[in-house]
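Presented below is the structure to which this report refers.
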Amino acid sequence: TTGGDVAAEWEALRDELAAEARALDDRVGAELARGRAPARSPDGRRLAWLDGATVRVAPWTGAGPLGDARSLPLAGTPDRLAWWGADRLVYARLRGGPDGRLRELHALDVASGRETLLTRGARGRDPAATADGCLAFVRDDGPGASQLRRWCPGGPPAGTVVWRPPSDARIVGLAASPRGALALVVGEGGRRDLLRLDPARSGAFVAVPLPA
């Protein structure tokens, strides 16, 4: 991928997200007044959001009000939601274990309301679906170094490290495009850098600075 291609794709994604945000504000603001962290499904036909420790999912055509929302209560409160395919949501929330309460990745089947614990010992946040059906997430130990990790079904329970920021920097945000391309916000001192991660032929990830 060339620098020009990366920049053009990022500009298109940024415009798409801005348009979607305006649509949410204009058309469904009343329904989301008590909620937060909205996430639109990959096919654009449903909207999920958080209302405390309850996930709400409603049909939405992108024009007009939301349809009737289903309520899916959880045992803990996620920070945000992301879609993982057509029928699952993924998120991180605190969960008790032998090492205390750690933030682990969970999946929620929106049809049945069944929640599945995915990781053990991940200390994760900001999960995002990747193009290969796995999940990227940020491992964050608080005062320790942050890492970008990848978790796949059947793989190591805490995922594997795919990228580390410089020793004096931290990953402060992670998002994925609808096609699974990843973007990071990395903080160092008072500066914030936006990076895109492209899979290299070796299977590793390469950080590419993007224009502001």
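The values are calculated or read from the model by the stated rules, or taken from the named source; none is laboratory data. The structure displayed is predicted, hence computed values, not measured ones. Cβ: placed from backbone, ideal geometry, glycine included. Neighbour counts: every protein chain shown. Remember, those area values only see protein heavy atoms, side chains included, never the ligands or the DNA or RNA. Shrake-Rupley method; radii C 1.70, N 1.55, O 1.52, S 1.80 Å.
Residues of the stretch 94-112 that are part of a strand (DSSP E or B) and more than 17 Å from VAL57 (Cβ to Cβ): LEU94, ARG95, GLY96, GLY97, GLY100, ARG101, LEU102, ARG103, GLU104, LEU105. Restricting attention to the stretch 141-162, the residues that are under 25 Å from GLY85 (Cα atoms) and either among the hydroxyl-bearing types (Ser, Thr, Tyr) or open to solvent by 40 Å² or more (accessible area, probe 1.4 Å) (or both) add up to 7. Quick check: is even one residue across the stretch 115-122 more than 22 Å from PRO156 (Cβ to Cβ) and in a loop (DSSP other than H, G, I, E, B)? No. For the stretch 33-71, filtering for residues that are open to solvent by less than 50 Å² (accessible area, probe 1.4 Å) and farther than 27 Å from ARG179 by Cα leaves 4.
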